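Below is one structure, written out as structure tokens, with a few remarks after it.
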Amino acid sequence: MSNTTSSPRNSSTTSASDLQAEIDQLGPWFHNLHFPGGVQTAPNHFLGDFPSFKWKAIAPYVPEDLSGWKVLDIGCNAGFFSFRLAERGADVTAIDLDPHYLQQARWAAEKFGLADRVTFRKMQLYELAQSDEQYDLVWFMGVLYHLRYPLLALDIVARKTRRLMMFQTMTLPGEEVCEVPPDLTLEEREAMRQPGWPMMAFIEHRLASDPTNWWAPNHACVEAMLRSAGFEVLSRPCHEVYLCQPSVSSNAEIAELMEDEYRAATAQR
């Protein structure tokens, strides 16, 4: 399958002007979706043709045939990635908190002829902890740094992931990774200031005018958090994107303690 956005199946009878009028009524848009006649939902996006350019980099790392796969798209926005995965045969559950984006996504699903392949739900990521349902592929991009409880979120997602997770988060500049010893004394804490030590910046106020941008981990921290949550990084399709599979937590020696804390945090005691 091509890595570009395919043409909608149900919009061919709608004139470009009528389609544009519907798009304008549903705006503003964050996902730039492409329709026949050159109609786009966000052609002047400040990031460029987003998320199409991101998908072109990631698509080769996603199985071409997802028939029989259950996929979870966390923070689906207007559904761009949900649609690409559904086009590869997946049965997609897409969740988001914003009713505005979900309205856009449901409208676009009808236009693309994919309403029967993608189910949209308004829900918090944390609510996933209340279900035993698992997914072959979890799409977890552009969300972690908006969450007040990022490691809890990764722990929840780890329990939802059967085969693969595609993960992305905003990060601090730099790719350094230092060798972290298995233990430090209190007197050796200065070592944690060296380049490449796993660390995450807390954003108390705003970044890019967004009050929900809470965190910016460095690359070393992203990989460390993924390992701690029970993921193995298989590859890095592009900047800030990590393809992962379930593994044993790097903190497995305290698995029982972590499980007790997880159950308390998710009201499962």
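Output the residues belonging to region 213-255 that are of a type in the set (S, T, N, Q), more than 23 Å from V62 (Cα to Cα) and not in a loop (DSSP other than H, G, I, E, B). Working first, answer last.
Applying the first criterion (of a type in the set (S, T, N, Q)) to region 213-255 yields 213, 218, 228, 235, 245, 247, 249-251.
With the extra rule that they be more than 23 Å from V62 (Cα to Cα), the set shrinks to 213, 218, 228, 249-251.
Answer for region 213-255, where residues must be of a type in the set (S, T, N, Q), more than 23 Å from V62 (Cα to Cα) and not in a loop (DSSP other than H, G, I, E, B): just S228.
With A265, A220, A191, A201 as the choices, which residue is touching a helix residue (DSSP H, G or I) at 6+ places or on another chain (Cβ under 7 Å) and modelled with pLDDT of 95 or more? Spell out how you get there, then give the answer.
Details: A220 fails: touching a helix residue (DSSP H, G or I) at 6+ places or on another chain (Cβ under 7 Å); A191 fails: touching a helix residue (DSSP H, G or I) at 6+ places or on another chain (Cβ under 7 Å); A201 fails: touching a helix residue (DSSP H, G or I) at 6+ places or on another chain (Cβ under 7 Å).
When all the criteria are applied, what remains is A265.
Would you point out the residue of region 196-206, among those that are over 19 Å from the mean Cα position of the chain (by Cα) and assigned to a strand (DSSP E or B), that is farthest from P181 (Cα to Cα)? Even if it seems obvious, please write down each step before you answer.
From region 196-206, those over 19 Å from the mean Cα position of the chain (by Cα) are 196-199, 201-206; that's our starting set.
From what's left, assigned to a strand (DSSP E or B): 201-202.
On the way: A201: 22, F202: 24 Å.
So the residue we want is F202.
Are there any pairs, at least 6 apart or on different chains, whose C-beta atoms fall under 6 Å, with the first in region 247-269 and among the aromatic types (F, W, Y) and the second surrounded by 16 or more Cβ atoms within 10 Å (Cβ to Cβ), and if so, which?
Once the first residue is among the aromatic types (F, W, Y) and sits in region 247-269, its partners that are surrounded by 16 or more Cβ atoms within 10 Å (Cβ to Cβ) give Y262/D155.
Given the criteria touching a residue at least 12 places away in the same chain (Cβ under 8 Å), surrounded by fewer than 18 Cβ atoms within 10 Å (Cβ to Cβ), touching a strand residue (DSSP E or B) at 6+ places or on another chain (Cβ under 7 Å) and of a type in the set (D, E), does E232 qualify?
Details: touching a residue at least 12 places away in the same chain (Cβ under 8 Å): yes; surrounded by fewer than 18 Cβ atoms within 10 Å (Cβ to Cβ): yes; touching a strand residue (DSSP E or B) at 6+ places or on another chain (Cβ under 7 Å): yes; of a type in the set (D, E): yes.
It is true that E232 is touching a residue at least 12 places away in the same chain (Cβ under 8 Å), surrounded by fewer than 18 Cβ atoms within 10 Å (Cβ to Cβ), touching a strand residue (DSSP E or B) at 6+ places or on another chain (Cβ under 7 Å) and of a type in the set (D, E).
Give region 51-84 a look and list any residue that's polar (S, T, N, Q) and more than 18 Å from E240 (Cβ to Cβ), or say none.
Of the residues in region 51-84, the ones polar (S, T, N, Q) are 52, 67, 77, 82.
Matches in region 51-84: S67, S82.
Given the options R159, R163, R148, name the one that is part of a helix (DSSP H, G or I) and under 16 Å from the mean Cα position of the chain (by Cα). Working first, answer last.
On the way: R163 fails: part of a helix (DSSP H, G or I); R148 fails: part of a helix (DSSP H, G or I).
Within the list R159, R163, R148, the selection yields R159.
Within region 253-267, take every residue that is of a type in the set (A, V, I, L, M) and surrounded by 12 or more Cβ atoms within 10 Å (Cβ to Cβ) and give me the one that is farthest from P181 (Cα to Cα).
Let us first name the residues in region 253-267 that are of a type in the set (A, V, I, L, M), namely 254-255, 257-258, 264-265, 267.
Those still in the list that are surrounded by 12 or more Cβ atoms within 10 Å (Cβ to Cβ) too: 255, 258, 265.
Working: A255: 20, M258: 21, A265: 29 Å.
Residue satisfying both the conditions and the ranking: A265.
For region 209-216, check the following and say yes or no: at least one residue is touching a Leu at 6+ places or on another chain (Cβ under 7 Å), surrounded by 11 or more Cβ atoms within 10 Å (Cβ to Cβ) and over 27 Å from F53 (Cβ atoms).
no
Evaluate the following for S228: is it at pLDDT below 95 and under 26 Å from L172 (Cβ atoms)?
On the way: at pLDDT below 95: no; under 26 Å from L172 (Cβ atoms): yes.
It is false that S228 is at pLDDT below 95 and under 26 Å from L172 (Cβ atoms).
The values are calculated or read from the model by the stated rules, or taken from the named source; none is laboratory data. Worth saying up front: this structure is predicted, and the values here are computed from it rather than measured. Neighbour counts are summed over all protein chains in view; Cβ atoms, including those assigned to glycine, are modelled from backbone coordinates with ideal geometry.
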